[in-house]
Amino acid sequence: MSDHPASPITPDRATGRFVRMLDWLVANPMRVIAGLAIVCGLLAVVDLLYEKHPSVPVEALPFFYPVFGFVIYALVIFGAKTLRLIIRRREDYYAPYSIDAETPNSHMTGEQR
Amino acid sequence: MLATIPPFLVYLIGAPLALLIPNGSLRSAFMCLVPVVGILLLLDIPYGDHLTTSIVGQSVTLLRVDSLSFVFGLIFNIAAFLALVFAWHVRDAMQQVSTLLYAGSAVGAVFCGDLISLFVFWEATAITSVFLIWATRTEGSYHTGMRYLIIQVGSGVILLSGVLIQASQTGSVAFDAMKLDGLGTGLIFLAFGIKCAFPLLHNWLQDSYPAATATGTVTLSAFTTKLAVYALARGFPGTEVLIYIGAVMTVFPIFFAAVENNLRKVLAYSLNNQLGFMVVGIGVGTPLALNGTAAHAFCHILYKAVLFMSMGAVLHRTGTTKASELGGLYRSMPITMVCCVIGAASISAFPLFSGFVSKSLIQSATADTGHWIVWLVLLFASVGVLEHSGIKIPYFTFFGHDSGIRCKEAPWNMVTAMVLTAALCVGIGVYPAPLYAILPFPVDYQPYTVAHVVTQLQMLLFALLAFVFLMRKGLYPAEFRATNLDFDWIYRRALPVIIRGLGLGIDTVWSRLIGGSRAMVSASIDAASRNFGPYGIVGRTVRVGNGVAWVAVLLLVTLLVGYSAD
């Protein structure tokens, strides 16, 4: 709509530094993943250290929350991929009675004409 | 005197007044002032019933302020303010008026003390809000708006039917806690359920919100569904079926959101899932659960607003919110990205963000009341929320595959609104006491315990680890330009085909029937003309001799019959 392939915008210095930091993180994904893995490892260790007061019996199981988070996330993804096999149609399936395949106009985006 | 001015009146007067001001920053400033006045008025009104009058023998209360209506009234006014700041640059008078009247209707509905005035405001929210969809001004948005309007107005008509039956049975139209035990209350419950996007009644939400304008969706996301949550909390607290309806609501949208390409539609599914948590809270109905519902509605309006705002800003700058077209926008829109991530962290209930201090009230209430399966379902849903709102929205917009789009950061007003809303999300998460203080019941709850923080972080970060793992293995579903079917396929495709088929069938049978009858009639006429016409066997003239012979034969037959009869 506005200025897609235009030259990169140069934000102010603080934002520029922040963007450069993000650039570095994006360029080094393994470091981010390693960081996440370390935090997860620490959290798994912590699981054994504090006294649990389960409000629901399953909470008492060791490593319940880490395992639950990991497994359920994967289940959600595989469930959704299976669902997509059934529900996916062309983008213009409901056209012209829906906005799905329409290109947003200036009214929708609110860009000044 | 000031105490008796209902906040909705400010919006009702403010909308036409705004049109008298030249369309520009001055008008925008005036419009932003309206909810500020609304908040000031609200803070000044003492708890109790005000503006009570009698209409056709029924007591009508336009302003009932108590601890429940106050929370919703306050957040509606705050949401209206933030949405108006976000839409400061909009010069479309239709959207300006619609936003004010819609917000005013929702504020009005929250303070109704009776079902008649609730009905009026209920319909008003439907009629005033549809213009935010039509403001897109495309053929698709026109049809979407019509579908939205039919369903919303339909909900109002069902509400009115329920109210009339209820009034004839009980003689009262007071809007208090009801029992789901008859046709009247059943219809009222259904009307609330439509607006609250109960399972199978939900599609209007995902259909219409992505069709509104970049700023319109922010406004839409705040009011209609939360008004329904308020109505359910007021009318049906502790209704057990709501626990199960809510639990289903938290789960099914997750799967649709995970494969949806239009990120504003993903947020609409996510909104549906969050409503589920609130509905479960209403169903459980204990003070802790109802506090949870009110707190979660409060926080949800804010983090959902900041998420819709960030997507609105992206739509404003790039012209799309399709995940398949976006990526790498953190370079161009870093502030929008940070606000979006704050919204994502809040909805995912990371510690120190607002969702953490509100959702846990509902989660704890289900455990306390022994609803362990529902507790597990809500936990499942929490992981799902992290997937579609916590990870997918920010990742595919601002990181992921670089789309090559380079644009400006969002306009100052959008940034201001996003930063303000994000600040509220963090503020509530870090210091929840002021929110807890305005909840309907006294709060004796400590969200920041070691166990709660650790378990929540364990669940969320290991889910994040699963995302990384699936992404690296190429198992994460790629984004495609596609339309995904949902239950609305039944009334958008199947029913029209069935009805058209039925019509065609009736048409065919009818034309066969008419054709057959016509053929029979013309065959009879042909036969009659053949037999009785000028040359027919009966009609033609015969010679006298032949005639005499025929008469003789007839006489003979008569005689034979006569003799045989004897």
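The values are calculated or read from the model by the stated rules, or taken from the named source; none is laboratory data. None of the values given here were measured: they were computed from a predicted structure. Cβ sites come from the backbone with ideal geometry, for glycine too, and all protein chains shown count toward neighbours.
Some points to look at:
- Test: residue A:67 is surrounded by fewer than 18 Cβ atoms within 10 Å (Cβ to Cβ), modelled with pLDDT of 95 or more, within 8 Å of another protein chain (Cβ to nearest Cβ) and on the phi < 0 side of the Ramachandran plot: yes
- Inside region B:250-270, residues that are assigned to a helix (DSSP H, G or I) and either within 12 Å of another protein chain (Cβ to nearest Cβ) or over 18 Å from residue B:208 (Cα atoms) (or both) make up a count of 14.
- Residues that are assigned to a helix (DSSP H, G or I), touching an Asp or Glu at 6+ places or on another chain (Cβ under 8 Å) and touching a residue at least 12 places away in the same chain (Cβ under 8 Å) within region A:41-89 comprise A:65, A:66, listed in sequence order.
- Here is the figure for region B:422-440: residues that are of a type in the set (Gly, Ala, Ser) and surrounded by 19 or more Cβ atoms within 10 Å (Cβ to Cβ) total 2.
- Residue within region B:401-410 that is part of a helix (DSSP H, G or I) and either within 21 Å of residue B:347 (Cβ to Cβ) or among the β-branched types (Val, Ile, Thr) (or both) present: no
- Scan of region B:333-351 for residues that are part of a loop (DSSP other than H, G, I, E, B) and touching a Ser or Thr at 6+ places or on another chain (Cβ under 8 Å), ordered by number: B:348, B:349
- Unique match (being within 30 Å of residue A:61 (Cα to Cα), within 32 Å of the chain's Cα centre (by Cα) and surrounded by 13 or more Cβ atoms within 10 Å (Cβ to Cβ)) among B:485, B:464, B:470: B:464
- Residues (part of a helix (DSSP H, G or I) and within 14 Å of another protein chain (Cβ to nearest Cβ)) located in region B:207-229: B:207, B:208, B:209, B:210, B:211, B:216, B:217, B:218, B:219, B:220
- Just so you know, in region A:47-64 the residues that are among the hydrophobic types (A, V, I, L, M, F, W, C) and crowded, with 16+ Cβ neighbours inside 10 Å include one that is nearest to the other protein chains (Cβ to nearest Cβ), and it is A:56.
The rows are residues; the columns are (1) within 14 Å of another protein chain (Cβ to nearest Cβ); (2) touching a residue at least 60 places away in the same chain (Cβ under 8 Å); (3) among the charged types (D, E, K, R).
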site	(1), (2), (3)
B:34	no, yes, no
B:55	no, yes, no
B:68	no, yes, no
B:82	no, yes, no
B:91	yes, yes, yes
B:97	no, yes, no
B:109	no, yes, no
B:118	no, yes, no
B:132	yes, yes, no
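- Region B:340-359, subset surrounded by 24 or more Cβ atoms within 10 Å (Cβ to Cβ) and within 13 Å of another protein chain (Cβ to nearest Cβ), residue farthest from residue B:254 (Cα to Cα): B:349
- Region B:521-542 residues that are free of Cβ contacts under 8 Å to residues at least 40 places away in the same chain, paired with ones that are of a type in the set (D, E, K, R) (beta carbon under 9 Å, 6 or more apart): B:533/B:540; B:534/B:540; B:536/B:530; B:537/B:530
- Which listed residue, of B:374, B:419, B:383, B:443, is touching a helix residue (DSSP H, G or I) at 6+ places or on another chain (Cβ under 7 Å) and buried (at least 24 other Cβ atoms within 10 Å of the Cβ): B:383
- The listed residue being part of a helix (DSSP H, G or I) and within 11 Å of chain A (Cβ to nearest Cβ), out of B:423, B:417, B:365: B:365
- Assessment of region A:77-92 against the conditions (buried (at least 18 other Cβ atoms within 10 Å of the Cβ), among the charged types (D, E, K, R) and out of contact with any Lys or Arg (no Cβ under 8 Å at 6 or more places or on another chain)) yields at least one matching residue.
- When residue B:239 is tested against (1) more than 14 Å from chain A (Cβ to nearest Cβ); (2) buried (at least 24 other Cβ atoms within 10 Å of the Cβ); (3) of a type outside the set (Phe, Trp, Tyr), exactly one condition is not met: (2).
- The residue of region B:13-72 that is surrounded by the most Cβ atoms within 10 Å (Cβ to Cβ), among those that are among the small types (Gly, Ala, Ser) and part of a strand (DSSP E or B), is B:59.
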